[in-house]
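The values are calculated or read from the model by the stated rules, or taken from the named source; none is laboratory data. Just so it is clear, the structure is predicted and the values come from calculations on it, not from any experiment. No Cβ is skipped: glycine too gets one built from the backbone with ideal geometry, and neighbour counts run over all protein chains shown.
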Amino acid sequence: MLSTQENAIIIEDLKKSFKNLEVLKGVDLTVRRGNILALLGPNGAGKTTIIRILSTLLHPDNGNVFVNGFDIKTQPQEVRRSIGLTGQFADVDEYLTGLENLLMMGKLYHLSRSVITRRTEELLKKFDLTEAARRPVKTYSGGMRRKLDLAASLIAYPPIVFLDEPTSSLDPRSRLNVWETIKKLLNDGVTVLLTTQHLEEADFLADTIAVINDGRIIAEDTPGRLKSRVGKERLELVIKRQDDFERAVTVITGNDLSHNSAEKTVSLAIENGVNEIQGVLNQLAESGIEVDTLTLRKPTLDDVFMHFTGLKPDEGRNEAA
Ligand SMILES: Nc1ncnc2c1ncn2[C@@H]1O[C@H](COP(=O)(O)OP(=O)(O)OP(=O)(O)O)[C@@H](O)[C@H]1O
Ligand SMILES: [Mg+2]
């Protein structure tokens, strides 16, 4: 029996079908209190379905689910009081200001006026929205909306937060900003379950990554271990001249080397970051070999899938009907 004291979320053998479509086929997952777990999976894998079941918005067909120690089947009210939910699409009122959105959420939760005022100020400050607080949300950038949405879900001090693809459709800079915001939740001891399609996001944020494909968890590990199981970063070089290419192959030393003469490419695994890349470039420069392009390829969700399923990412998926 798993302890609800240690684990903020416990999911055992969770199953859910929509008509003939088996979406969740027996999911087991636990999230320790104060941890961030990232549920990593492609479109249609069942991520939002899990979040909706955990939030009591959808009934499961089978399984035991405990959130903050409460059974979603018999104690839905207590579950709802324990959670904050940020959906896949920012869910704030465009015509109200940021401040008004937060005040409204506070009232929905029946918080007292003084608590609402204090909490609103605190959240605006924490998420760097104080200056924009009196502007209508329709003037906010995508990243600011996401942060406001996140702030709104935290208004009633929930110990557990669900974030469904918190940075989808954000540009890289806003994404980083929202990531930093999410990281701050950890300082308050909040437990976070987030979903994402990006290995990089899961890697940056999570203590544990659970990979979901076709309604099942196919791998669960720390980001570091998961990445090393899937594959290292690779440096790919295109050599400028064909006769240099032959020499480059003999000059470059490194792990897991491969080359392609027709494309004049050399690729190798990078295990020690920038120093190692610098070393390779120095070897080439000393031999007077010019490089045309240089790419550092990080493992992606696609690589995770290839590794754990043996399938290409678009094969064998439970596509939306
Ligand atoms: N209410 C519903 N009725 C019928 N089918 C549904 C319903 N909700 C979800 N599905 C189907 O269940 C599967 C999983 O959907 P879900 O939204 O959980 O995926 P997801 O992992 O969140 O995907 P995405 O990354 O695109 O958000 C999909 O095939 C979807 O079409
Ligand atoms: Mg989804």
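Quick one: Ser114 ticks every box in (1) surrounded by fewer than 19 Cβ atoms within 10 Å (Cβ to Cβ); (2) at pLDDT below 95 except a single one, so which number is it?
Result: Ser114 fails condition (2) only.
List the number of the failed condition for Thr139; all other conditions in (1) surrounded by fewer than 17 Cβ atoms within 10 Å (Cβ to Cβ); (2) away from ligand 1 (no atom under 16 Å from the Cβ); (3) within 16 Å of the chain's Cα centre (by Cα); (4) over 18 Å from Leu37 (Cβ atoms) hold.
(3)
Answer yes if at least one residue in region 47-63 is basic (Lys, Arg) and within 16 Å of ligand 2 (Cβ to nearest atom), and no otherwise.
For region 47-63, residues basic (Lys, Arg) and within 16 Å of ligand 2 (Cβ to nearest atom): present.
Quick check on region 226-241. Is at least one of its residues hydroxyl-bearing (Ser, Thr, Tyr) and touching a residue at least 24 places away in the same chain (Cβ under 8 Å)?
no
What residue, of Leu39, Leu58, Leu85, is closer than 24 Å to Asp188 by Cα, at pLDDT 95 or above, within 25 Å of the chain's Cα centre (by Cα) and within 16 Å of ligand 1 (Cβ to nearest atom)?
Leu39
Need a quick list: strands (runs of 3 or more DSSP E) entirely within region 26-101 having at least 3 residues that are surrounded by fewer than 19 Cβ atoms within 10 Å (Cβ to Cβ).
Those strands (runs of 3 or more DSSP E) span 62-67.
For region 109-123, check the following and say yes or no: at least one residue is over 25 Å from the mean Cα position of the chain (by Cα) and in contact (Cβ under 8 Å) with a residue 40 or more places away in the chain.
yes
I'd like to verify a number: residues in region 71-104 that are farther than 22 Å from Arg33 by Cβ and β-branched (Val, Ile, Thr), how many?
Qualifying residue count, region 71-104: 2.
Quick grid of which residues meet (1) closer than 19 Å to Val161 by Cα; (2) assigned by TED's automatic domain parsing to the domain that holds Leu154; (3) more than 16 Å from ligand 2 (Cβ to nearest atom):
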{"site": "Glu22", "(1), (2), (3)": "no, yes, yes"}
{"site": "Thr30", "(1), (2), (3)": "yes, yes, yes"}
{"site": "Ala38", "(1), (2), (3)": "yes, yes, no"}
{"site": "Val65", "(1), (2), (3)": "yes, yes, yes"}
{"site": "Gln77", "(1), (2), (3)": "yes, yes, yes"}
{"site": "Gly84", "(1), (2), (3)": "yes, yes, yes"}
{"site": "Thr97", "(1), (2), (3)": "no, yes, yes"}
{"site": "Val115", "(1), (2), (3)": "no, yes, yes"}
{"site": "Arg119", "(1), (2), (3)": "yes, yes, yes"}
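Tell me the residue from Gly63, Gly44 that is at positive phi and within 13 Å of ligand 1 (Cβ to nearest atom), please.
After ruling out the rest, the residue left standing is Gly44.
Among the residues of region 235-249 satisfying the criterion of being in a helix (DSSP H, G or I) and either within 36 Å of the chain's Cα centre (by Cα) or among the charged types (D, E, K, R) (or both), which is surrounded by the most Cβ atoms within 10 Å (Cβ to Cβ)?
Step by step, filter region 235-249, then rank; the result is Asp244.
Identify the residue in region 5-25 that is closer than 17 Å to Val192 by Cα and out of contact with any Leu (no Cβ under 7 Å at 6 or more places or on another chain) and, among all such residues, is surrounded by the most Cβ atoms within 10 Å (Cβ to Cβ).
My answer is Ala8.
Looking only at region 1-25, count every residue that is at pLDDT 95 or above and in a loop (DSSP other than H, G, I, E, B) and tell me the total.
The total comes to 0.
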